[in-house]
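Single-structure report; data block below.
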Amino acid sequence: MLREATHTDDAAPPAMFRALQQRRLRQVLWVLVAVFAVLVAMNLLTGRYLSAGFELVVAGLLLLALHWNARGRLGRAGTLTIATLLLGLCALMANNQGLYDEVPIAFPALLLFAGLFGFRRIFAALVGCMIAVVVVLFALHQADLLHSVPVLPMDWRRPFVISLIIGVTGLFAWLLASDLGRTMRQLESEKRALLESHARIEVLVQRDSLTGLPNRALARERLAFLLQQARRNGGMVAVMFLDLDNFKTINDSLGHAAGDDLLCQVAAKLRACVRESDTVARVSGDEFLILLGDLQDEDAIVAVVAKVTHLLGQAFVLDGIEVLVTASLGIAVSPRDGDLPDVLLKNADMAMYQAKDAGRNTFCFFDPSMNESVTEHLYIASGLRAALASGELELHYQPQFDLRSGRILGAEALLRWRHPEQGFIPPGKFIPVAERSGLINELGAWVLRRACVDAQAWRAGGLGDLRVAVNVSPLQFRRDDIEREVARALSASGLPAEALELELTESLLVADARNIGDVLQRLGAQGVQIAIDDFGTGYSNLGYLRRFSVHRLKIDQSFVRRMCANPHDEGLVRAIIEMAHCLDLQTVAEGVEDVETLERLHAFGCEFGQGFLWSPALPDGEFVAFVRASRSAADVPQRTGAVVQPE
């Protein structure tokens, strides 16, 4: 039904309903004008000129209402129409036969008109006026005040007028029913659309839009149900966190569309690995959750893991390219590893990361010691943030010697953390935490600035042109601001670029050869020295040594320390040195701890060395004193002026 309209233009309904009301009112007004025109003609023909005059005035007012409606004054036009019809009908009744006249049967039509256009405020007043008119006419009849009006004979005019009234009333009723039906159909359509929208929202809330799998929220609800069922039946529930190992590489190299296709294929294979009663959910980008209920032993879990590993081990076809995908799985079992959904999810997640740390492409059951590891990780991460601000971090320097001249040519900067309660915390303990927590960038920038400041201070203190070597994390190099950090550190300290050496790992060069190569070329053009740290322990690729701006190879201490006891390690060290010479690169031996090792390195042609044979890493002040003492000693033992011996 049409919405309510008031008698003022300010309270007009919305445009759609207003247009419909204007159209309906125009149709009704034209019908009414035509009806009153017929009545005027009929009364003129029969000599009832007064009635014809009343009807002509009513027709004129209806034409005025039609004009206002065309001008958009819907409320005013509707009010004028109702008032005109009511007053006109009352005047005709009073002029003719009162309650004996056929006019009162038009009252219901007028009420339908008011209801059709939603004039609710006028409707009640209209009903009251009609009742009042009937009462007044009845009183006039009773008082014989209308007795002089003759009762017209029954001729063709009466059924004609009654038929007109019935026709107009039927028109109003049909329009009202039509609009009501249209409104009901529209409401039904909106109801269906709302239900469909709610269904889609429910899918979005509880389902992954890409794979159609349950999301984390729905998976958690199902896990709670499985745990409740297990408590009643005494079975076990397994929660398996699965993370694709190389998804980012595939997504970056083949595009997001191929990545989405891979996720859908993985989802289909995982569903094929479990029972109908089990749940496979996608909880984040490349992480899936498998919930297994009603288990009697862990053999069933291992069987599912084997099936998952087998299916994921098969090649996936993406854009016509066969791609191999591996996954790391973490497993938590209830009730052994917890009986609450959040606890099991957390434990399975920790086990998954343990599987990744174990080399990926494997699975790992949760162990209580993982909780201790996570707690320690959080403790170290929070302490490390405070250490950056409170000055607990310091750099120690391990001297690097020229094996041919016996002179100290520089030092490697090594980060140390002096905790106020725990003392020195080993770098192997807090550096991985810094890399996982994102602190490594801030930490690396601080080390770079501090090392450059200290190295310039050595020069200003008369220690000569010593070089400082700084280890750079792969995560630092993958950021776009490593060149700015280097330039900022050199500019702030005043250290020449030739006095700074950046030590990189082989894995960094192999992982992003194109971008890293461009950065190294630009740094090398400025004079910054580049060394490959722990050479021989990573994915050695001789091609990048030739392409990149590399100056030195640092032979890993694991080979150097065993070279006198193990012929294979000795051969490997010798091969690295000879290969470096063929590529016009220098070599630095790490972990030199005895004279025999030193002599063999010198015999193989290794240029530089560092290790406990000479000195461990020293605080800045002690390093300066060590250099001064080494240079002032007049009796530094040397062999044939080549191999330097410890003091």
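Mind pulling the angle between the C-alpha long axis of helix 157-206 and the longest principal axis of the chain? Nearest 10 degrees, somewhere in 0 to 90.
Its long axis makes an angle of about 10 degrees.
Only helical DSSP H runs with n ≥ 4 go in: add -39500 (n - 2.57) per run for the chain, normalise by residue count and round the 222 nm mean residue ellipticity to 500 deg cm²/dmol. Present the calculation step by step, with values, prior to reporting the outcome.
Working: 23 runs with 376 residues, N = 647.
Helix-only estimate at 222 nm: -19500 deg cm²/dmol.
For LYS307, give me every one of the lysines with a C-alpha distance below 29 angstrom, ignoring sequence neighbours fewer than eight places off in its own chain.
Partners found: LYS248, LYS269, LYS346, LYS356.
Heavy atoms only, 1.4 Å probe, whole protein assembly: order TRP68, TRP30, TRP174 by accessible area, highest first.
Working: TRP68 55, TRP30 140, TRP174 160 Å².
Sorted by accessible area, descending: TRP174, TRP30, TRP68.
Net charge within 12 Å of ALA355 by Cβ-Cβ distance, Lys/Arg positive one each and Asp/Glu negative one each, not counting ALA355 itself? Walk me through the numbers before you get to the answer.
On the way: positive: LYS356, ARG360; negative: ASP243, ASP245, ASP349, ASP357, ASP367.
That works out to -3.
Take peptides 183-193, 411-421 and line them up by average Cβ neighbours within 10 Å, highest first, as a rough protection proxy. It would help to have the intermediate numbers written out before the result.
Numbers: 183-193: 10.5, 411-421: 18.1.
Answer by packing, highest mean first, reads 411-421, 183-193.
Rounded to the nearest 5, what is the percent of antiparallel bridges among the DSSP beta bridges in region 252-394? Mind showing how you got there, number by number?
Working: 7 of 10 bridges.
Here the share of antiparallel DSSP bridges comes out near 70 percent.
Angle check, please: helix 427-437 long axis (alpha carbons) against the longest principal axis of the chain (alpha carbons), in degrees 0 to 90, nearest 10.
20 degrees
Given a 1.4 angstrom probe, what's the average accessible area per residue across region 69-133, in square angstrom? Before the final figure, lay out the partial values.
Working: 2490 Å² over 65 residues.
Each residue of region 69-133 exposes 38 Å² on average to a 1.4 Å probe.
What lysines does LYS554 reach when the alpha-carbon gap must be under 27 Å and sequence neighbours fewer than 8 apart in one chain are set aside?
The qualifying lysines are LYS429.
Nearest 10 degrees, 0 to 90: what angle lies between the long axis of helix 120-142 and the longest principal axis of the chain (Cα atoms)?
Tilt relative to the chain: about 10 degrees.
Just the number, please: carbon plus sulfur as a percent of the accessible area of the chain, 1.4 Å probe, no ligands or DNA/RNA counted.
Values: 18070 of 31410 Å².
Result for the chain: 58 percent of the exposed heavy-atom area is carbon or sulfur.
Run through the DSSP bridge list for region 380-473 and note the antiparallel percent, rounded to the nearest 5.
Details: 12 of 16 bridges.
For region 380-473, the DSSP antiparallel bridge percentage is about 75.
Report the relative contact order of the chain, percent, no decimals, based on alpha-carbon pairs under 8 angstrom and at least 6 residues apart. Working shown, then result.
Working: 940 pairs, mean separation 51.2, N = 647.
Result for the chain is 8 percent.
What is the Cα centroid distance between region 449-471 and region 553-569, reported in whole angstrom?
The two parts, judged by their Cα centres, are 29 Å apart.
Would you mind working out the magnitude of the charge dipole of the chain relative to its Cα centre, with +1 at each Lys and Arg C-beta and -1 at each Asp and Glu C-beta, to the nearest 20 Debye? Don't skip to the end; give the middle numbers.
Values: 62 positive and 74 negative charges, 756 e Å.
For the chain, the charge dipole is close to 3640 debye.
How big is the antiparallel share of DSSP beta bridges in the chain, given as a percent to the nearest 5? Mind showing how you got there, number by number?
Numbers: 41 of 66 bridges.
Of those bridges, close to 60 percent are antiparallel.
Arrange the residues PHE626, PHE608 by how much accessible surface each exposes, largest first, with a 1.4 angstrom probe.
Working: PHE626 40, PHE608 15 Å².
Result of the area sort, largest leading: PHE626, PHE608.
Given a 1.4 angstrom probe, what's the average accessible area per residue across region 545-613, in square angstrom?
Numbers: 3050 Å² over 69 residues.
Here the residues of region 545-613 average 44 Å² of exposed surface.
Accessible surface of HIS602 in the full protein assembly, 1.4 angstrom probe, to the nearest 10 Å²?
Number for this one is 60 Å².
The values are calculated or read from the model by the stated rules, or taken from the named source; none is laboratory data. As the structure is a prediction and not an experimental result, all values here were calculated from the model. For neighbour counting, all protein chains shown are included, and Cβ atoms are generated from backbone atoms with ideal geometry for every residue, glycine included. Heads up: the accessible areas ignore ligands, DNA and RNA and are worked out on the full protein's heavy atoms, side chains in. Shrake-Rupley method; radii C 1.70, N 1.55, O 1.52, S 1.80 Å.
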